[in-house]
Amino acid sequence: MTRPNLLNRLTFRQLQVFQAVHRQQSYSRAAEQLGLTQPAVSAQIRQLEQALGQPLFKYAGKVLHVLPAADALAASVQSIFGQVSSLQMELSELAGTIRGELNIAAVSTAQYVVPHILARFRARYPEVQIRLRVCNRVQALERLAERRDDLVIMGMVPDDPNLVFMPILDNELIPVVWPGHPLVTATKPTLEDFARHYLLMREPGSGARTAFEDFAARERVSLHHTLEIGTNEAIKQGVMAHLGVAVLPRLAVQLEIASGLLASPSIPGFPLRRSWCTVYPKDRYPTPVTELFLRFVRELLPELNAHFRAPMTPIETPTLLCLPAEED
């Protein structure tokens, strides 16, 4: 039997659709990702299977099963797209400008850092198209598992050998109260004293909440009085309104502390130190633009650490880069 000439029968669009289905393991999710209808995705996969002369996926009930031919094709597609990206980067360098796309998802606590990095990166490489998605930790983990972004920036990276991560900045979590709160003038306040007040906390699964709960569990301090609030900004407003106290990233509140709108009592064990990290799956090779960004961040780390560790005054309010984002 004569095998079909794949060079004459395959299209890049078919391979793009296939890659989305293979990664999502779902026709409907792939269609949503690509902005297509599900019948259009099904048609592209049928044409691809006809070109290859064998099936790629099989439904058993409502479960889509990936066949061996699909896994073999996925490895080749990743290599092909990697080569095309490298070619695009090389052509951009020959033309004197770097072009491409960079898709990043960042947990909400990192929104105080990531725009500064992106602003510097875009200043050096203005032709790179950047898309930033801001989400909570659960959503970030979902996006990481579904390979929806080039990079995810988060704290508390899962203990998974299939992930590649690079720490980029410290994320210090500190106790926050309103000015005039009794804990501000208390002599040697403790975690137990702090926990007696209403604690304004993010949703379960939030990195900051998990870090604080783990710390309290190690210290054997119960957190009985909690009030769940959806965003760090809302929590800040809640503390300023005397609704309760909170544990928040220092970068999220240092301007308010400098302005006298919030205060941070000295409590043993704080700050809780975590790191923001860039993360991507080991089996997803970084695109040339992603590699460029990672190299840029490594070079920028000394400057970033110096900038964010310096006390911030109201005059030094950072200008955030306006980018498309999904709010928490």
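The values are calculated or read from the model by the stated rules, or taken from the named source; none is laboratory data. Quick caveat, the model's predicted, so the values are computed rather than measured. Here the Cβ positions follow ideal geometry from the backbone for every residue, glycine too, while neighbour counts run over all protein chains shown. Heavy atoms of the whole protein, side chains included, go into the accessibility calculation; ligands, DNA and RNA do not. Shrake-Rupley method; radii C 1.70, N 1.55, O 1.52, S 1.80 Å.
Please enumerate the residues belonging to the range 27-55 that are outside any helix (DSSP H, G or I) and either among the aromatic types (F, W, Y) or within 17 Å of L67 (Cβ to Cβ) (or both).
G53, Q54, P55
Could you go through the range 262-285 and let me know if any residue there is among the hydrophobic types (A, V, I, L, M, F, W, C), modelled with pLDDT of 95 or more and open to solvent by 60 Å² or more (accessible area, probe 1.4 Å).
no
Looking at the structure I just gave you, is T226 farther than 30 Å from I117 by Cβ, polar (S, T, N, Q) and touching a strand residue (DSSP E or B) at 6+ places or on another chain (Cβ under 6 Å)?
Judged against the criteria, T226 is a match.
Taking the criterion of being among the aliphatic types (A, V, I, L, M), open to solvent by less than 80 Å² (accessible area, probe 1.4 Å) and at pLDDT 85 or above, would at least one residue in the range 88-97 satisfy it?
no
Quick check: is even one residue across the range 156-176 more than 28 Å from the chain's Cα centre (by Cα) and more than 23 Å from V138 (Cβ to Cβ)?
Within the range 156-176, not a single residue is more than 28 Å from the chain's Cα centre (by Cα) and more than 23 Å from V138 (Cβ to Cβ).
Taking the range 240-254 as the region of interest, how many residues are touching a residue at least 60 places away in the same chain (Cβ under 8 Å) and crowded, with 18+ Cβ neighbours inside 10 Å?
Residues flagged as touching a residue at least 60 places away in the same chain (Cβ under 8 Å) and crowded, with 18+ Cβ neighbours inside 10 Å within the range 240-254 amount to 9.
Show the residue pairs that are 6+ apart or on different chains and have beta-carbon atoms under 7 Å apart, the first residue being within the range 120-147 and more than 30 Å from P161 (Cβ to Cβ), the second being outside any strand (DSSP E or B) and open to solvent by less than 40 Å² (accessible area, probe 1.4 Å).
So the pair list comes out as R120/L300; Y125/I98; E127/T97; E127/I98; V128/I98; V128/V289.
Counting just the residues of the range 203-253 that are hydrophobic (A, V, I, L, M, F, W, C) and assigned to a loop (DSSP other than H, G, I, E, B), which one comes out nearest to the chain's Cα centre (by Cα)?
Across the range 203-253, the extreme among qualifying residues is I229.
Yes/no matrix, rows are residues, columns are (1) open to solvent by less than 40 Å² (accessible area, probe 1.4 Å); (2) within 30 Å of the chain's Cα centre (by Cα); (3) touching a residue at least 40 places away in the same chain (Cβ under 8 Å):
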| site | (1), (2), (3) |
| --- | --- |
| Q24 | yes, yes, yes |
| P39 | no, no, no |
| A60 | no, no, no |
| A74 | yes, yes, yes |
| S79 | no, yes, no |
| S86 | no, yes, yes |
| I104 | yes, yes, yes |
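Return a yes/no flag: does the range 225-232 have any residue that is without any contact (Cβ under 8 Å) to a residue 12 or more places away in the chain and either within 16 Å of P175 (Cα to Cα) or surrounded by 14 or more Cβ atoms within 10 Å (Cβ to Cβ) (or both).
Checked the range 225-232: no residue is without any contact (Cβ under 8 Å) to a residue 12 or more places away in the chain and either within 16 Å of P175 (Cα to Cα) or surrounded by 14 or more Cβ atoms within 10 Å (Cβ to Cβ) (or both).
Looking at the range 131-158, which of its residues are under 18 Å from R99 (Cβ atoms) and open to solvent by 50 Å² or more (accessible area, probe 1.4 Å)?
Answer for the range 131-158, where residues must be under 18 Å from R99 (Cβ atoms) and open to solvent by 50 Å² or more (accessible area, probe 1.4 Å): just R131.
Restricting to the range 51-89, what's the tally of residues that are among the aromatic types (F, W, Y) and over 16 Å from R147 (Cβ atoms)?
2
Return the residue satisfying two criteria in turn: it lies in the range 286-313 and is modelled with pLDDT under 85 and β-branched (V, I, T), and of such residues it is surrounded by the most Cβ atoms within 10 Å (Cβ to Cβ).
Across the range 286-313, the extreme among qualifying residues is T287.
Of the numbered conditions (1) open to solvent by less than 30 Å² (accessible area, probe 1.4 Å); (2) closer than 21 Å to R202 by Cβ, Q237 satisfies every one except a single condition; which is it?
(1)
Scan (1) over 27 Å from L151 (Cα atoms); (2) free of Cβ contacts under 8 Å to residues at least 12 places away in the same chain for the single condition D214 breaks and write down its number.
So the condition that D214 fails would be (1).
Scan the range 206-221 for residues that are surrounded by 16 or more Cβ atoms within 10 Å (Cβ to Cβ) and either in contact with a strand residue (DSSP E or B) (Cβ under 8 Å, 6 or more places away or on another chain) or among the small types (G, A, S) (or both) and jot them down.
Of everything in the range 206-221, those that are surrounded by 16 or more Cβ atoms within 10 Å (Cβ to Cβ) and either in contact with a strand residue (DSSP E or B) (Cβ under 8 Å, 6 or more places away or on another chain) or among the small types (G, A, S) (or both) turn out to be S206, G207, A208, R209, A211, F212, F215, A216.
What number goes with the only condition from (1) part of a loop (DSSP other than H, G, I, E, B); (2) in contact with a strand residue (DSSP E or B) (Cβ under 6 Å, 6 or more places away or on another chain); (3) polar (S, T, N, Q) that T187 does not pass?
(2)
Is it true that some residue in the range 109-130 is within 23 Å of E256 (Cα to Cα), hydroxyl-bearing (S, T, Y), touching a strand residue (DSSP E or B) at 6+ places or on another chain (Cβ under 6 Å) and surrounded by 17 or more Cβ atoms within 10 Å (Cβ to Cβ)?
yes
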